[in-house]
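To start, the structure under review is shown below, and the notes come after it.
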Amino acid sequence: MSNDEREPGVIRSVDRAVAILDLLAQDGWRSSRGPREIVDFVGLSGAEVARELGVHRSTALRLLGTLERHALVERDPRTAKYRLGRRLPQLARVVSGELDLRHVARPVCEGLAASSGETVTLDVLDGDEIVPIEQSTGSTAFVSVNWLGRRTPVHCTASGKIILAFAAEPTRQRLLAKPLVPLTARSITDVGELEKQLGAAREAGFARTFEELEVGLDAIAAPVFSTDGEVVAAIDVSGPAHRLQSGGAPDLVGLTREAAADLSRRLGYRGRAVR
């Protein structure tokens, strides 16, 4: 590890902690004899980890103790050996879940952008805010805005409204209890009015915003459901208000709902279609 330690920006303790996780992963792979759980892995002792890393045993034990505190490694009280911890699969599910969702959603978003001519995003609820994790731009979207990673309030976005409309009751009540801060003169600030719109969105299967996030910007969104029927994201079409409200525009509501239903099916949802 001496070469890595001389690299600028490398934190030695963090580098060693990652090396420990790699060692335990390799040991678990070698110890596996079929599709057994990680609890069956033999594990490595503190002395073995120290020898592999080329550090003093006390250093290895301090690193292992810190990783154990965060459930990234576990110590078998019978053998005093360490193995990968229960938190790693949880973290892996979060990463793989988002990556899988983006991968599956990409062609759907691209198809909707092509048919609508507008900007399409795949949005998720992260804490109390909406975050786009995938984006495709249509042919008529001359001004390309990069929405990826931009955090926006739930009550000012079409995606936020539709996700909130189909969210579990505790989530909905938690978010409705927060102040509705206006971003434009048309932003909704009354909880009663927002709840009325959420009810209408549940019935219709889509939500809209009219210059509520930015002046001149409208949006339409429909819900995306997982295998178990939970709303996991929303497909959002946004563009200039004059275009999205034009009578000669494509059936953006229908296209958005069809794209969201298509993505839901690709994710394994087989529930009743939203009316």
Yes or no: segment 25-41 includes at least one residue that is farther than 30 Å from THR121 by Cβ, open to solvent by less than 40 Å² (accessible area, probe 1.4 Å) and modelled with pLDDT of 90 or more.
no
Return the pairs, sorted by first residue and then second, in which the second residue is of a type outside the set (Gly, Ala, Ser) and outside any strand (DSSP E or B), the first residue lies in segment 233-244 and is without any contact (Cβ under 8 Å) to a residue 60 or more places away in the chain and open to solvent by 10 Å² or more (accessible area, probe 1.4 Å), the beta carbons are less than 6 Å apart, and the residues are 6+ apart or on different chains.
ALA241/GLU211
Specify the residue that is most open to solvent (accessible area, probe 1.4 Å); the eligible residues are those in segment 55-78 that are outside any helix (DSSP H, G or I) and among the basic types (Lys, Arg).
ARG78
Test: residue in segment 152-161 that is open to solvent by 50 Å² or more (accessible area, probe 1.4 Å), in a helix (DSSP H, G or I) and free of Cβ contacts under 8 Å to residues at least 60 places away in the same chain
no
Out of everything in segment 189-226 that is part of a loop (DSSP other than H, G, I, E, B) and touching a Ser or Thr at 6+ places or on another chain (Cβ under 9 Å), what residue ends up being most open to solvent (accessible area, probe 1.4 Å)?
VAL215
If we keep just the residues of segment 245-269 that are touching a residue at least 12 places away in the same chain (Cβ under 8 Å), in contact with a Ser or Thr (Cβ under 9 Å, 6 or more places away or on another chain) and in a loop (DSSP other than H, G, I, E, B), which is surrounded by the fewest Cβ atoms within 10 Å (Cβ to Cβ)?
GLY268
For residues that are among the small types (Gly, Ala, Ser), in contact with a helix residue (DSSP H, G or I) (Cβ under 7 Å, 6 or more places away or on another chain) and open to solvent by 40 Å² or more (accessible area, probe 1.4 Å), tally how many sit in segment 112-131.
1
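The values are calculated or read from the model by the stated rules, or taken from the named source; none is laboratory data. This one's a predicted model, so the numbers in the text were calculated from it and none came from an experiment. Please note: Cβ atoms are built from the backbone with ideal geometry, for glycine as well, and neighbour counts cover all protein chains shown. Protein only, heavy atoms only, side chains kept; ligands, DNA and RNA dropped before computing areas. Shrake-Rupley method; radii C 1.70, N 1.55, O 1.52, S 1.80 Å.
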